[in-house]
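What follows is a set of notes on a single structure, which appears directly below.
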Amino acid sequence: MINELRDVNAPDHVRLTDRIERFRGPIFTIYDDEIEFASGDVARRQWMDHDDAVAVVALRPSDHDEEQWDVLLIRQYRHSPRRIMWEIPAGLRDEEGEREVLTAARELREETDFGASRWIRLVNFVTSPGVSNEDLGIYLALDVEEAPLGQFVREAEEAEIVVEWFGLDHVTDAVMAGQLSSPTLVAGILAANVALDRGLDRFHEIYLPLADQ
């Protein structure tokens, strides 16, 4: 029998026999669990209960003859790997009750001063399933226009953000050459290429007037 090709939620797959809270912060909490499998095997697993997130691949038609699309990237410092990295705009789903696509639209404007009126949900992935439950949804943003928020103030790493448009093929080549290592960027760029290759008319589009974002 061939198993269905999809992930399955299994909250009761193991029995939780012990839990210690090791750290609690504003974005994530670290737990140290003891779990028992059906076989009787017992193990300890440390994991992070993390807010979910969204990311955006924002595209516009390119002015360069060798490119069909340009993609909007941001460059900022990431302390964990000690790297200044090119990424796609992204952020936490930390506004209670906010629709995922509206979070994506808000993060795009907060980080880049651009907005978009056409949206397509591309893919989602668990960012680090060995240690975290953070689920991240990636959107394709089209019909992109400048839409500054005015009073919004970026702080710390975000105050240093550099925003720049690059040719999509150029970015894809850099991903395949191992020059770009943000997992969100890698997943988003590859997913955008697949969507464009298969035809955007196959995807459900969400329209958001800029005034409503």
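The values are calculated or read from the model by the stated rules, or taken from the named source; none is laboratory data. Just so it is clear, the model here is predicted, and its values are computed rather than measured. Methodologically, a virtual Cβ is constructed for each residue, glycine included, from the backbone with ideal geometry; neighbour enumeration extends over all protein chains shown. Heavy atoms of the whole protein, side chains included, go into the accessibility calculation; ligands, DNA and RNA do not. Shrake-Rupley method; radii C 1.70, N 1.55, O 1.52, S 1.80 Å.
Below are the figures for this structure:
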| quantity | calculated |
| --- | --- |
| Residue count, the stretch 34-63 (criterion: assigned to a loop (DSSP other than H, G, I, E, B) and loosely packed, with under 12 Cβ neighbours inside 10 Å) | 6 |
| Residue under evaluation GLU4, criteria (1) assigned to a loop (DSSP other than H, G, I, E, B); (2) in contact with a helix residue (DSSP H, G or I) (Cβ under 7 Å, 6 or more places away or on another chain), criterion not met | (2) |
| The listed residue being under 30 Å from VAL162 (Cα atoms), touching a strand residue (DSSP E or B) at 6+ places or on another chain (Cβ under 7 Å) and surrounded by fewer than 16 Cβ atoms within 10 Å (Cβ to Cβ), out of ILE27, ILE20 | ILE27 |
| Extreme residue, nearest to SER182 (Cα to Cα), among residues of the stretch 82-115 that are assigned to a loop (DSSP other than H, G, I, E, B) and free of Cβ contacts under 8 Å to residues at least 24 places away in the same chain | ARG82 |
| GLU66, sole failed condition from (1) part of a strand (DSSP E or B); (2) under 22 Å from GLY199 (Cα atoms); (3) out of contact with any helix residue (DSSP H, G or I) (no Cβ under 6 Å at 6 or more places or on another chain) | (1) |
| Residue count for the stretch 85-126, restricted to those that are open to solvent by less than 50 Å² (accessible area, probe 1.4 Å), within 14 Å of the chain's Cα centre (by Cα), aromatic (Phe, Trp, Tyr) and more than 11 Å from GLY137 (Cβ to Cβ) | 0 |
| Hits in the stretch 7-17 (condition: surrounded by 10 or more Cβ atoms within 10 Å (Cβ to Cβ), assigned to a loop (DSSP other than H, G, I, E, B) and β-branched (Val, Ile, Thr)) | VAL14 |
| Sole exception among (1) in contact with a Leu (Cβ under 8 Å, 6 or more places away or on another chain); (2) modelled with pLDDT of 95 or more; (3) among the small types (Gly, Ala, Ser); (4) over 19 Å from LEU196 (Cβ atoms) for SER132, by number | (1) |
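Yes/no matrix, rows are residues, columns are (1) closer than 17 Å to ILE88 by Cα; (2) without any contact (Cβ under 8 Å) to a residue 12 or more places away in the chain; (3) hydroxyl-bearing (Ser, Thr, Tyr):
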residue	(1), (2), (3)
GLN151	no, yes, no
ARG154	yes, no, no
GLU157	yes, no, no
PHE166	yes, no, no
VAL171	yes, no, no
GLN179	yes, yes, no
ALA187	yes, no, no
ASN193	yes, no, no
GLY199	no, yes, no
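Here is a yes/no grid of residues against (1) in a helix (DSSP H, G or I); (2) modelled with pLDDT under 95; (3) open to solvent by less than 40 Å² (accessible area, probe 1.4 Å):
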{"site": "PHE166", "(1), (2), (3)": "no, no, no"}
{"site": "ASP173", "(1), (2), (3)": "yes, no, no"}
{"site": "LEU180", "(1), (2), (3)": "no, no, yes"}
{"site": "LEU185", "(1), (2), (3)": "yes, no, yes"}
{"site": "LEU190", "(1), (2), (3)": "yes, no, no"}
{"site": "LEU196", "(1), (2), (3)": "yes, no, no"}
